[in-house]
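This report concerns only the one structure given below.
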Amino acid sequence: MAHRRSILGTLAALALLAVVARPGDPAQSAPRITVSPSTVKSGQDVTVSWQGFTDLSRGTLTLGDKRVWHSYLQHHQVTFSIPAGIAPGQHTLILSDSEGHRASATLTVTAADPPTRASITVKPAVTAPGRDVALTWHGFTNLGRGRLTLGGQPVWSSYLQHNPLTLSVPPGLAPGEYTLTLSDTEGHEASTTLTVEGASRRSPTVTAAPNPAKPGQSVTLSMTGFAAGETLTTTLGGRDLTSPSDVTDRAGALKKSITLPAATKNGSYRVVATDSDRHSAATDLIVSGTRTDANVGIQPTTGYAGLVIDIEGDGWQKANRTLVLRAPSGEATPLRIRDACDQSCAPGHIRWQAQIPAGAPPGTYRLTVSDAVATVDRPFRVVPSDVLSGTGPRIGVTPTTGSPGTWLTIRGDDLRANTIVTVLFGDDVVAKQGEVYGALKTDANGVLKCVISIPVKPPGDYTVTVLSDKGRPHASFRLR
């Protein structure tokens, strides 16, 4: 019987050992904490995460000798703000719980940003009695009560809720330089100088240059003889051209640049500049000639009859656009336009496709783009298809200059039909929008057409290259 009890006791002990030390039971991880970010400024928030602590036990978090948090450890992380008064440097962050677990991490505290310095600016800085000026303030208490003095005399007192605020210069104020000071109830204060001048005794004038000018051209209007700090109202043929920055300088002068609308008709237009006291000056601007800012390019410039070509340009009116192909004999054939512009096209930009008539005989033609006020033409040479195929693979790009992120159209001819090619911009592989990266395919005629996004690179001249089994045709592109 005793022997049987001994055996039973041994079996029970082995069973207990199997329960306590079953294979695969994870050992409890050592307590540890992490802090993010590890470098902060006074007053900034940090998040502390922990592992290896007893859930639902009470934890305490200290930073140096300051207790920054004390609560139950149930969420495995906590966010707190660095207390004011913590000196810049490396500090030890310690988390402990009521079960005796403890872990630490290093937190670097840097100096807090200095408080914003109060400042004010006044525009215009040169004005005349009775005129309005705009005062812009920074570093003051928003909605706090402010007080404004001009030359030591109170001129305004209210809540700082409008920025900028408008101040009327007292009508009887003598000419001179005055200190304009703004202060608030929180102790902020800033000053600037305001120059007050008397009204000009000269007769106001206005001139336009160049005069005559063409539609779409930039014209400079020069106004003189007005009082300093005047906001001038400017009209051209009765159309208001005034902007908030049209304020005369200390000498009572103002230069203003305008661009004549592209659709401006030839004729004489009255330019009038007027101040708030109804002093005015006028001149006549003569508009003569045709607009010169419209431009257009075509790709390719040589091809066979029936070829689809790309036309792209800027500075065109939206209405009355036409495309005409003029034969060497002078015969004009209107071409049907396929508009390829999308949301990336700026106002006045055209991106067209058109097909050279299938029966066009070889020769040098003129492609003419027109709108209501401008006409531009470009040469296009039609050659027999067998002659063209003997010239070897080639590509063209439109436009030939641009900025990173804009679209670039690549047109290739006489490449091997229905084959995959690779396009390089400089040394980088690029791809058509929506295609497999680096993989582009020619059509049944060996024509390649794709649109790429210009990569981000330093300004300079780059080479766009098509890699194919018939060669490496390339074109130049200038990155702005």
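Every residue in the stretch 217-235 that is buried (at least 22 other Cβ atoms within 10 Å of the Cβ) and more than 30 Å from L160 (Cα to Cα), please.
Hits for the stretch 217-235 are L221, M223, F226, A227.
Read through the list (1) under 30 Å from Y269 (Cα atoms); (2) out of contact with any Ser or Thr (no Cβ under 8 Å at 6 or more places or on another chain); (3) of a type in the set (V, I, T), then give the number of the only condition that V247 fails.
Going through (1) under 30 Å from Y269 (Cα atoms); (2) out of contact with any Ser or Thr (no Cβ under 8 Å at 6 or more places or on another chain); (3) of a type in the set (V, I, T) one by one, V247 breaks only (2).
Tally the residues that are assigned to a loop (DSSP other than H, G, I, E, B) and surrounded by 12 or more Cβ atoms within 10 Å (Cβ to Cβ), restricting the search to the stretch 64-90. Step through it out loud before you land on a result.
Of all residues in the stretch 64-90, those assigned to a loop (DSSP other than H, G, I, E, B) come to 64-65, 73-76, 82-88.
Those still in the list that are surrounded by 12 or more Cβ atoms within 10 Å (Cβ to Cβ) too: 64, 73, 82-83, 86, 88.
So the count comes out to 6.
Here is a yes/no grid of residues against (1) at pLDDT 90 or above; (2) more than 25 Å from L150 (Cα to Cα):
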{"residue": "H188", "(1), (2)": "no, no"}
{"residue": "T192", "(1), (2)": "yes, no"}
{"residue": "T220", "(1), (2)": "yes, yes"}
{"residue": "S245", "(1), (2)": "no, no"}
{"residue": "K256", "(1), (2)": "yes, yes"}
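Return the only residue of G315, G303, G330, G348 being touching a strand residue (DSSP E or B) at 6+ places or on another chain (Cβ under 8 Å) and over 26 Å from G405 (Cα atoms).
G303 is the lone residue from the list that is touching a strand residue (DSSP E or B) at 6+ places or on another chain (Cβ under 8 Å) and over 26 Å from G405 (Cα atoms).
Could you run through the stretch 225-243 and say how many residues are modelled with pLDDT under 85 and at positive phi?
The qualifying residues number 1.
What strands (runs of 3 or more DSSP E) lie completely within the stretch 126-194 and have 1 or more residues being more than 28 Å from D275 (Cβ to Cβ)?
Here the list reads 132-138, 145-150, 153-159, 176-184.
From the list L61, L93, L107, which one is part of a strand (DSSP E or B) and farther than 17 Å from T39 by Cα?
None of the other options fit; the residue is L61.
Of the residues A253, A209, which single one is touching a residue at least 24 places away in the same chain (Cβ under 8 Å) and hydrophobic (A, V, I, L, M, F, W, C)?
Selected residue: A253, the only one of A253, A209 that is touching a residue at least 24 places away in the same chain (Cβ under 8 Å) and hydrophobic (A, V, I, L, M, F, W, C).
Taking into account only those residues within the stretch 225-247 that are farther than 16 Å from P129 by Cα and of a type in the set (V, I, T), which is nearest to the chain's Cα centre (by Cα)?
Looking at the filtered set, the residue picked out is T242.
Can T79 be described as outside the structural domain of R278 (by TED's automatic domain parsing), more than 30 Å from T193 (Cα to Cα) and in contact with a Lys or Arg (Cβ under 8 Å, 6 or more places away or on another chain)?
Taking the combined requirement at face value, the residue does not satisfy it.
Of the residues S203, S157, S268, S257, only one is touching a Ser or Thr at 6+ places or on another chain (Cβ under 8 Å) and loosely packed, with under 14 Cβ neighbours inside 10 Å; which?
Testing whether each residue is touching a Ser or Thr at 6+ places or on another chain (Cβ under 8 Å) and loosely packed, with under 14 Cβ neighbours inside 10 Å leaves just S257.
Which one of these is modelled with pLDDT of 85 or more and either part of a strand (DSSP E or B) or among the charged types (D, E, K, R) (or both): P357, P379, P404, P361?
None of the others qualify; the one that does is P379.
Could you figure out which of (1) in the same structural domain as V219 (by TED's automatic domain parsing); (2) more than 22 Å from S203 (Cα to Cα); (3) of a type outside the set (S, T, N, Q) isn't true of V308?
Evaluating V308 over (1) in the same structural domain as V219 (by TED's automatic domain parsing); (2) more than 22 Å from S203 (Cα to Cα); (3) of a type outside the set (S, T, N, Q) leaves (1) as the failure.
Return the only residue of A103, A134, A128, A30 being at pLDDT below 85 and of a type in the set (A, V, I, L, M, F, W, C).
Sole residue among the options that is at pLDDT below 85 and of a type in the set (A, V, I, L, M, F, W, C): A128.
Kindly indicate whether any position in the stretch 262-270 is part of a strand (DSSP E or B) and of a type in the set (F, W, Y).
So far as the stretch 262-270 goes, yes, one or more of its residues are part of a strand (DSSP E or B) and of a type in the set (F, W, Y).
Is there a residue in the stretch 368-375 that is surrounded by 16 or more Cβ atoms within 10 Å (Cβ to Cβ), in contact (Cβ under 8 Å) with a residue 40 or more places away in the chain and over 34 Å from the mean Cα position of the chain (by Cα)?
yes
The values are calculated or read from the model by the stated rules, or taken from the named source; none is laboratory data. From a predicted model like this one, the values you see are computed outputs, not experimental measurements. Don't worry about glycine lacking a Cβ; one is built from the backbone with ideal geometry, like all the others, and counts go over all protein chains shown.
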